[in-house]
Amino acid sequence: MEIDRDRERLLRAFLSSPAIGRRRAGAEALGRYHQALVHRSHLRETGEIAGDNERLEFLGDRVLNLIVAEFVFRNYPGSEGELTARMEWTENRNLARAITAADIGFEDLILVGSRQEKTPGIIAGAFEAFVAALYLDVGLARTNAIIGRLMADEIRNFRTDRNYKKTLQEYLQKQDRSLPVYILEGRSGVPHQPRFTYTVSVEGEVIGRGSGRSKAEATQNAAHEALILLKGPHPG
């Protein structure tokens, strides 16, 4: 994959930064790092033939989940349910928040179409694709070390009590209102990487909409949006 000189300089500067520490990426590896940061909206707009980051995202999702699962297993003695709750850190909204908090300039490298917002899903997907490129370049052990250096504090500080569906239900009950109803609005994406969209309604009125890689994530995001509408930008 050909990369122009300015793009190559940006990528090499990022890779050689203290956060990543990869100073000698070859041409093939650099091409994968570039591809990991290309959203399909950019390709549609530019007409470039090179692929987007979705295949790399598929692999990176699995690699990242393994790394985080091992970290959680080694650092938390809780039950399977408690470990599973901590794995929610890898959901799009949480992962994107952690990437932004890391303040390493990652989002600035993502290429999207001029009318496409860099949503949490796009940021998280690009990071997963980047993890795949890193894994293919340096192997699992070094990828594990780099991700641990970047994200260990974020994983440790992650609150596992962010159950937006439960919070929404309790809030509505206190207001003497009907319980929320979640309805599947659509399913998109390829079979191995589906994306679900749900709405949440109260007394026939849609008050939230959310998407995610699972039905659980999508309904949680819908409930979160509903809470923001009802309670403000920091619903807890």
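The values are calculated or read from the model by the stated rules, or taken from the named source; none is laboratory data. Here the structure is a predicted model, which is why all the values come from computation and not from measurement. As a convention, Cβ positions derive from the backbone with ideal geometry for all residues, glycine included, and neighbour counts pool all protein chains shown.
Return the residues of the stretch 153-180 that are at pLDDT below 90, part of a helix (DSSP H, G or I) and of a type in the set (A, V, I, L, M, F, W, C); say none if nothing qualifies.
ILE155
Which condition breaks for GLN193 when tested against (1) under 22 Å from VAL63 (Cα atoms); (2) under 17 Å from the mean Cα position of the chain (by Cα); (3) not in a loop (DSSP other than H, G, I, E, B); (4) not aliphatic (A, V, I, L, M)?
Failing condition for GLN193: (3).
Can you tell me how many residues in the stretch 198-222 are closer than 20 Å to TRP89 by Cα, touching a residue at least 12 places away in the same chain (Cβ under 8 Å) and surrounded by fewer than 19 Cβ atoms within 10 Å (Cβ to Cβ)?
2
In the stretch 196-227, how many residues are assigned to a helix (DSSP H, G or I) and under 20 Å from the mean Cα position of the chain (by Cα)?
Selection size over the stretch 196-227: 11.
Could you run through the stretch 163-186 and say how many residues are surrounded by fewer than 17 Cβ atoms within 10 Å (Cβ to Cβ) and either touching a residue at least 60 places away in the same chain (Cβ under 8 Å) or closer than 30 Å to GLU82 by Cβ (or both)? Break it down into steps so the answer makes sense when it comes.
Just the residues of the stretch 163-186 that are surrounded by fewer than 17 Cβ atoms within 10 Å (Cβ to Cβ), to begin with: 163, 166, 169-170, 173-179, 181, 183-186.
Filter once more, so that each one left must be either touching a residue at least 60 places away in the same chain (Cβ under 8 Å) or closer than 30 Å to GLU82 by Cβ (or both): 163, 166, 169-170, 173-174, 179, 181, 184.
Matching residues across the stretch 163-186 total 9.
I need the full set of residues from the stretch 46-61 which are surrounded by fewer than 15 Cβ atoms within 10 Å (Cβ to Cβ) and farther than 15 Å from VAL190 by Cβ, in order please.
Across the stretch 46-61, the qualifying residues are THR46, GLY47, GLU48, ILE49, ALA50.
Which numbered condition in (1) surrounded by 13 or more Cβ atoms within 10 Å (Cβ to Cβ); (2) under 18 Å from TRP89 (Cβ atoms) is the only one that ASN157 fails?
Going through the list (1) surrounded by 13 or more Cβ atoms within 10 Å (Cβ to Cβ); (2) under 18 Å from TRP89 (Cβ atoms), ASN157 breaks only (1).
If I ask for residues that are surrounded by fewer than 21 Cβ atoms within 10 Å (Cβ to Cβ) and either touching a helix residue (DSSP H, G or I) at 6+ places or on another chain (Cβ under 7 Å) or basic (Lys, Arg) (or both), which ones from the stretch 77-89 would you list?
If the condition is that a residue be surrounded by fewer than 21 Cβ atoms within 10 Å (Cβ to Cβ) and either touching a helix residue (DSSP H, G or I) at 6+ places or on another chain (Cβ under 7 Å) or basic (Lys, Arg) (or both), then LEU83, MET87, GLU88 are the ones that fit.
With more than 12 Å from the chain's Cα centre (by Cα) and closer than 15 Å to GLU128 by Cβ as the only criterion, which of LEU109, LEU64 stands out?
LEU109
For GLU117, which of the numbered conditions (1) surrounded by 14 or more Cβ atoms within 10 Å (Cβ to Cβ); (2) closer than 23 Å to ARG40 by Cα fails to hold?
(1)
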